[in-house]
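K.L.:
Starting off with a structure, shown below.
Read the figures in this text as sums done on the coordinates, not as results from a lab. The shown structure was predicted, so the numbers you read here are calculated from the model rather than taken from an experiment. Note: ideal-geometry Cβ built from the backbone for every residue, glycine included; neighbour counts use all protein chains shown.
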Amino acid sequence: MDRLIDCITKNNSGNTPVWFMRQAGRYLPEFMKIRKQNSDFIKLCLDSELAKEITIQPVKRFDIDAAIIFSDILMVPYGLGQNVKFKKGHGPLLEEMSPKKIMEIDNIEFTKKLKPVYVAIQKVKKEIKGKSLIGFVGAPWTLLLYMFNLESPKRSFDFDKITNNKDLNDDLIEKLINIICLHIKNQVEAGANVIQIFDSWAGLLPQEQLEKFCYKPTKKIVNFTKSLNIPVICFPRGIKKKYAEFSNKVKPDCLSIDYEVDPLWVKEEINSVAIQGGLDPKTLLKKDEFIEKEVKKYLDIFRDRPYVFNLGHGVLPETNPEKIKFVINLVRDFK
């Protein structure tokens with residue numbers, strides 16, 4: 001039985017599925033062993049065999065309900081010809097973007113560049129049975145932000161500089177939407193049976209710009225994904241009480257919430273979709289009693305709703321893997 005699909009598509013509120021954003025990553029010693037031997041992060045994402053192995057690591061260790069392909073949202077700018085590298089202690093660094101070059105890249109060229117990602121999905125699919133395989137993309141706003149800002153907005157960010165840029169036009173946004181849909185289609189054809197759209201920096205958008213940069217483009221991608229008969233999870237992180245408006249306008253199958261939004265408010269205001277996540281990743285750095293209280297709070301609030309247990313963002317690198325196991329057991333044993 002695929003618990004995640006059952007929960008999202010059949011409104012099944014029993015057998016709460018559990019997986020974790022960034023579950024394949026830096027908190028796992030088996031991942032760090034591979035990472036030490038592979039300093040170039042993009043190359044690692046493009047090594048089909050290693051990407052498969054990393055994807056499966058948490059599934060093997062925890063018997064978790066879903067695998068999420070080991071990749072990165074910035075594979076899309078990379079596939080569009082914008083060089084991306086990851087600097088230790090700094091995060092992603094992107095080279096100056098050439099909108100002209102991006103507009104010229106066709107579907108065949110993009111697919112060829114990212115083919116190892118799709119091969120990795122095929123390899124994972126052969127090894128996991130009865131569990132979801134999640135493919136994912138970055139939402140247009142978050143990708144545009146990186147493509148123009150050239151680094152994480154955590155370090156520096158000027159909204160006006162980006163939105164007033166003459167190169168940020170409707171044609172570029174449409175190109176990005178089309179390429180994201182292509183990336184989704186390729187992942188689905190390779191074996192992904194759920195798609196998550198990460199709008200990691202949606203919370204930086206002023207309220208009056210949410211429609212243009214968040215709701216409208218994401219809605220197009222959600223509709224495309226649904227046309228493939230694939231359930232779609234959206235994570236517009238940081239938009240606070242606009243989660244309700246997002247849900248009404250974009251209509252994903254499942255809405256992933258962050259830890260800054262009150263789950264009780266979510267329960268009262270958002271009824272039409274399955275809910276995922278919410279727990280602050282920092283909770284897993286605390287003592288077991290505190291973890292148990294917080295985990296049960298979310299499970300209790302969404303007891304009679306289709307709910308996917310997850311965090312309100314990714315697993316932190318300093319997390320002890322035993323805490324992940326502890327949380328999974330709490331979810332499995334919850335009555």
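K.L.:
With n ≥ 4 as the cut-off for DSSP H runs, can you work out [θ] at 222 nm for the chain, using -39500 (n - 2.57) per run divided by the number of residues, rounded to the nearest 500? Could the numbers behind the result be given before it?
P.N.:
Working: 16 runs with 157 residues, N = 335.
Value at 222 nm, helices only, nearest 500: -13500 deg cm²/dmol.
K.L.:
So, one more: Just in region 86-117: which trypsin sites (Lys or Arg not before Pro) are loop by DSSP and have at most 13 other Cβ atoms within 10 Å? Present the calculation step by step, with values, prior to reporting the outcome.
P.N.:
Values: sites: 87, 88, 100, 101, 112, 113; in loops: 88.
Those satisfying the criteria are 88.
K.L.:
Roughly how big is region 1-131's charge dipole about its Cα centre, with Cβ charges of +1 (Lys, Arg) and -1 (Asp, Glu), in debye to the nearest 20?
P.N.:
For region 1-131, the charge dipole is close to 340 debye.
K.L.:
Next up: Using Cα springs under 10 Å in a Gaussian network model of the chain, which residue among 256, 272, 71 shows the largest mean-square fluctuation?
P.N.:
Looking only at 256, 272, 71, the largest GNM fluctuation is found for 272.
K.L.:
Using the Cα atoms of region 188-300, I'd like the radius of gyration and the largest Cα-Cα distance, Dmax, both in angstrom.
P.N.:
Radius of gyration, then largest Cα-Cα span, for region 188-300: 15.1, 44 Å.
K.L.:
What is region 37-88's relative contact order, in percent, from Cα pairs under 8 angstrom and six or more apart in sequence?
P.N.:
Details: 35 pairs, mean separation 19.5, N = 52.
Across region 37-88, relative contact order equals 38 percent.
K.L.:
Right, another one. On full extension of the chain, what length is gained from residue 293 through residue 326, given 0.36 nm per residue of separation minus the C-alpha to C-alpha distance?
P.N.:
Working: separation 33, 0.36 × 33 = 11.88 nm, distance 1.24 nm.
10.6 nm is the gain from fully extending residue 293 to residue 326.
K.L.:
Let me see the pair-distance distribution of region 96-199: every alpha carbon pair, 10 Å bin width, integer percents in order.
P.N.:
Reading the bins upward from 0: 13, 39, 30, 14, 3.
K.L.:
Please list, or write none, the aspartates and glutamates whose alpha carbon is within less than 17 Å of the alpha carbon of residue 296, excluding same-chain residues fewer than 8 places away.
P.N.:
Answer for residue 296, where 17 Å is the Cα cut-off: 258, 262, 280, 288, 304, 333, listed by chain and number.
K.L.:
Across every pair of different alpha-carbon atoms, what Kirkwood hydrodynamic radius in Å does region 166-211 reach?
P.N.:
Values: mean 1/r = 0.0784 Å⁻¹.
Computed over region 166-211, the radius equals 12.8 Å.
K.L.:
Give the Cα extents of the chain along the principal axes, in whole Å, largest first.
P.N.:
That works out to 56, 45, 38 Å along the principal axes.
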